[in-house]
Amino acid sequence: MTKPLISLLTLLALTACTAKQPASPPAEQAAEKPAVAVTTRAPDVAFVKVTTSAGSFTLRLDGRAAPLTVANFLKNVDSGFYTGTVFHRIIPGFMIQGGGYTEDFTLRETSQTVPNESGNGLANLRSTIAMARTGDPHSAGAQFFINVVNNVAGDPATANLDPVKHATQGRWGYTVFGLVTEGMDVVDLIAQYETDPNGPGGAPAPIIPVIIENMTRVQPE
């Protein structure tokens, strides 16, 4: 089952959190998978429209900062992998997470993972999209999350999901690979959906499912 990674205080594995508990960083499925074999080059910039049952928003992906992550994400977009998946973990004041489970919380597995590309100059600021993972920094597969606040260093009220450089206490971060350019109001709306702790691993899942109906590449307007 999906397990959260680290708490804000201990940076150790914890049990699944609810919206009333300190927010834990987004977690991916824990099964071991081979590293992704990227056979196509990521474009420098790509735009993806995400259509959900709650509305639509548009992502701008940065293939220069996170080429492996963007190539993998676009592979999943082009194959239709995300169609029919849901946002299964919603924590107001933190993030919304999706892309890995169907409406009945059946895991939609990926066969490969992506090397961690955090520390690429992109921070986990509000409106950015990043990859979820387990405690293994190179375990990101398909699940992603969108930050609804600035989850960076300097604010004790939020998580720091960026990498930490330190001789003895350094750690990997969560790979940011783009941001929401249109429809952030839809993301904020999703973040306010009422939840129950009945999602994967006890995750706070919306009572009314938020389904990803389609993802497709689009041209910037």
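The values are calculated or read from the model by the stated rules, or taken from the named source; none is laboratory data. None of the values given here were measured: they were computed from a predicted structure. Every residue, glycine as well, gets a Cβ built from its backbone with ideal geometry; the counts of neighbours run over all protein chains shown.
For residues that are assigned to a strand (DSSP E or B) and of a type outside the set (Asp, Glu), scanning just segment 172-199, find the one that is nearest to THR102 (Cα to Cα).
Top of the filtered list is THR195.
Just name the residue that is surrounded by the fewest Cβ atoms within 10 Å (Cβ to Cβ) out of those in segment 112-129 that are closer than 16 Å to GLY93 by Cα and of a type in the set (A, V, I, L, M, F, W, C).
LEU125
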Filter segment 100-141 for residues that are among the acidic types (Asp, Glu) and over 15 Å from THR175 (Cα atoms); the one that is nearest to the chain's Cα centre (by Cα) is GLU109
Of the listed residues (GLY135, GLY170, GLY178), the one being farther than 17 Å from GLY93 by Cα, modelled with pLDDT under 95 and in contact with a Leu (Cβ under 9 Å, 6 or more places away or on another chain) is GLY135
Filtering segment 85-141 down to residues that are within 20 Å of ASP185 (Cβ to Cβ), assigned to a loop (DSSP other than H, G, I, E, B) and aromatic (Phe, Trp, Tyr) yields PHE94
Filtering segment 68-99 down to residues that are under 14 Å from PRO209 (Cα atoms) and within 14 Å of the chain's Cα centre (by Cα) yields THR85, VAL86, PHE87, HIS88, ARG89, ILE90, ILE96, GLN97, GLY98, GLY99
- Message: Tell me whether segment 154-167 contains one or more residues that are outside any loop (DSSP other than H, G, I, E, B), in contact (Cβ under 8 Å) with a residue 40 or more places away in the chain and under 22 Å from GLY63 (Cα atoms).
- Response: no
| Residue match in segment 139-150 (condition: surrounded by fewer than 24 Cβ atoms within 10 Å (Cβ to Cβ) and without any contact (Cβ under 8 Å) to a residue 40 or more places away in the chain) | yes
